[in-house]
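The structure appears right after this line, and notes come after that.
The values are calculated or read from the model by the stated rules, or taken from the named source; none is laboratory data. Here the structure is a predicted model, which means the values were calculated and not measured.
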Amino acid sequence: MAIAGECRDESQIKKVQYFDESYRLKEKNAIINWFDLTMPEGYFSLNDQIGDIIKTMKGKLLFMGMFSKLMPKKGDKVAGGFEMNDAMMRMLGGFTVLRLSGMIGTMGINLTKDDLLELNSKLNKIKKG
């Protein structure tokens with residue numbers, strides 16, 4: 001039983017022979033903890049803003065490659081229902097890479113923890129400013 005002020009709740013725990021899979025948390029998008037990331041001083045990581053990263057040539061090339069994978073076909077300016085124009089790119093520039101990774105899940109693109117750690121590793125090789 002749990003009591004907090006006037007609120008009360010209780011539960012019952014029953015042993016079962018087989019685990020009910022509907023209770024298992026299913027990872028839809030990767031969950032990254034701060035201690036999973038390497039963030040060498042003077043280099044980029046998933047916690048940096050996209051706008052800062054794409055100011056460097058290596059960062060721009062990395063993100064051009066990523067965004068090209070989001071585009072349905074060559075020359076199309078729509079990615080996951082969003083028009084990739086200058087205004088959209090300015091908005092994305094203010095997001096951290098980690099925040100963007102969560103947002104692209106709405107486009108049907110799910111990044112695994114390994115995907116994000118690999119991207120972080122690539123960013124760790126790009127010097128800041």
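Annotations for the structure displayed:
- Number of positions in segment 95-114 that are at pLDDT 80 or above and under 14 Å from F63 (Cα atoms): 6
- Output for segment 29-60, where each listed residue is part of a loop (DSSP other than H, G, I, E, B) and of a type in the set (A, V, I, L, M, F, W, C): A30, I31, I32, L37, M39, F44, L46, I54
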